[in-house]
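The values are calculated or read from the model by the stated rules, or taken from the named source; none is laboratory data. Being a predicted model, the structure only gives us computed values, none of them experimental. Quick reminder, even Gly has a Cβ in these numbers, built from the backbone with ideal geometry, and neighbours come from all protein chains shown.
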Amino acid sequence: MKKMKNIFIIALLALVLGACSEDFLDTVKIGEQTKDSFYANDSDLLKAANACYSPLWEYHYNWGRTTFGNSTTDDAVDREDLKMREFTFNSTAFLFTYNYRYNYRGILMANQLLEKVEGVDIPGVKNKDLQKRVVGEAKFLRAYYYYDMVKNFGGVPLVLKALILEELNETRATASVIYQQIEKDLKEAAAVLPKKSEYNPDKDMGRITKGAALALLVKVCVSQASPGYATQEFYNTAKWEEAKTHAEALFALGEYDLYMGNYRDMFTEEGENGVESIFEVQFYDSPKDDGAFTNNGNFTTFLNMPWLGAGDPYGRYQATYDLYLAFENGDPRRDASLINSLQFADQWVDTDGTVPTVNEDLTGFSNYKHYLSRERYFAMGNTRNSPVNERIIRLSDIYLLYAEACYHTGEEGNARIYLEKVRERARNGNASVLPEVTAGGQALLDAIYHERRVELCGEGHRFHDLVRTGRLVKELKTDGYKVKAALARNGDGTYTVSDSGEPIFKATALEMPKNMFFPLPQSEVDNSGGLIVQNDGY
């Protein structure tokens, strides 16, 4: 069920563009819709809400999310952008610009809706519950976009209304002010949004829910409480307790559970919006939208699948041997999360029997969570138009953050319970693997960190987890990590994975606190005429 299929471009333009007129024309042309005459009825409100989601579909936005979250870490490399893993990038890198601008585009859409709809008596709107709901959706999305930026860049300009050109003189707000606004928006959103089960599953699946607002509150509070940010002005250990409160409110909804089927099925088309899904971006294969970068498909799939030549698929992102080694022996999630290059080639044998070769194979592995069969891939009208949704927040993510919060508030027993929930699901009935964690103290915390890495690998969490827990330098620079494996086919259809003998990679250019945040786009700093100050070290 592909849910929210139309992005309503006309509505988007109507929101962005005001009407142009000569000074002596003070009336609106008949039949012309402007941002002032919009928001007149239930249909307009739906279109306005849909516009707030639009950056989430944009291919550069998801490209950046994958780059920032995965290929800056020991989990993945980008074969075309080695500067990210080397930490030799600078403020002119284009993905920083796209991330910044698309986040603010989403914020603009949300601000316009809130100005025109929140608390306003609109005679043409018949469904007042819908009016409250779209306000909640806009507040969640504004919070989400700001959270993405405060993690990436630190403090940024806080804009809470649709600015005109003469008002574009904002300076950076502190990160603590940004976090305060994020929490305010999310709490207000949670108060009015429906639960997942209260939406129409045929028309509204994928819309923001009360559960999504509570889950994002958990993540926001954990970010502020985490020890890696101890030097930052927003650091606040009291947020551990708040994170637990929001998580417990989420659990009390009774809307979510861990998916107990085949783990990899969660990341397929058939597994979309399942019982474990709290927030995922909706994509679909739209054959009539044949532009390479302007369709409704998930470009991230195209970037994650191995490169076989001729641009199909492209294979920029490759999972590391270090990630492969991070899985405990027998953990079923390893083979469900990673596909080795020989295995991929064998699954993609050409119609004439030719076994393809993966080009520029830097690691030997790809992310199996972003995968389509050869038949499904080439059945799409546009091979960059993957229908597979992007999973943003799953229940296992929140269970592990709750375990972390319990650890930091002296509830180690409860921390072990929620850690075990995730491990129990992962072992899939095989009692001989993934033994229950009984340790306490630092060993327990390390076990939670380990579980987050293997459970959530390839989903964009790793970089922020390393930064907020203060382990970025140790994992990437001090200890370093193995990038490439050696692979061999066995006669029984299995594969042997071994050490390639290549030296451990160390990100020697990584510096803290500089690399706690990425640089602001230099173009935005320059365009501000000095009002926006660049992050230190860039």
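Here are a few things to note about the model shown:
- Reported count of residues in region 427-470, each being under 19 Å from the mean Cα position of the chain (by Cα) and either at pLDDT below 95 or in a loop (DSSP other than H, G, I, E, B) (or both), is 6.
- Candidates GLU255, GLU280, filtered to the one that is assigned to a loop (DSSP other than H, G, I, E, B), touching a residue at least 60 places away in the same chain (Cβ under 8 Å), in contact with a Lys or Arg (Cβ under 7 Å, 6 or more places away or on another chain) and among the acidic types (Asp, Glu): GLU255
- Scanning region 37-63 for residues that are among the aromatic types (Phe, Trp, Tyr) and either more than 22 Å from PRO387 (Cα to Cα) or touching a Pro at 6+ places or on another chain (Cβ under 7 Å) (or both) turns up PHE38, TYR39, TYR61.
- Considering ALA189, ALA213, the condition of being touching a Lys or Arg at 6+ places or on another chain (Cβ under 6 Å), more than 30 Å from LYS474 (Cβ to Cβ) and assigned to a helix (DSSP H, G or I) is satisfied by ALA189 alone.
- Selected residue (criterion: surrounded by the fewest Cβ atoms within 10 Å (Cβ to Cβ)) from residues of region 473-498 that are acidic (Asp, Glu) and part of a loop (DSSP other than H, G, I, E, B): ASP492
- Residues of region 127-177 classified as aliphatic (A, V, I, L, M), in a helix (DSSP H, G or I) and at pLDDT below 95, total: 1
- One residue from SER43, SER54 being surrounded by fewer than 24 Cβ atoms within 10 Å (Cβ to Cβ) and closer than 25 Å to VAL156 by Cα: SER54
- Residue that is free of Cβ contacts under 8 Å to residues at least 24 places away in the same chain and either surrounded by fewer than 23 Cβ atoms within 10 Å (Cβ to Cβ) or among the polar types (S, T, N, Q) (or both), where the choices are LEU168, LEU160: LEU168
- Qualifying helices (runs of 4 or more DSSP H) (wholly inside region 29-115; at least 2 residues being under 20 Å from VAL135 (Cβ atoms) and free of Cβ contacts under 8 Å to residues at least 60 places away in the same chain): 42-57
- Checked against (1) free of Cβ contacts under 8 Å to residues at least 60 places away in the same chain; (2) buried (at least 22 other Cβ atoms within 10 Å of the Cβ); (3) not in a helix (DSSP H, G or I), GLY274 passes all but condition (2).
- Any chance GLY501 is surrounded by fewer than 21 Cβ atoms within 10 Å (Cβ to Cβ), among the small types (Gly, Ala, Ser), without any contact (Cβ under 8 Å) to a residue 24 or more places away in the chain and farther than 30 Å from ARG172 by Cβ: yes
- Among the residues listed as ASN515, ASN490, ASN527, the single one being of a type in the set (S, T, N, Q), modelled with pLDDT under 95 and at negative phi: ASN527
- Of all residues in region 185-194, at least one satisfies being among the charged types (D, E, K, R) and crowded, with 23+ Cβ neighbours inside 10 Å.
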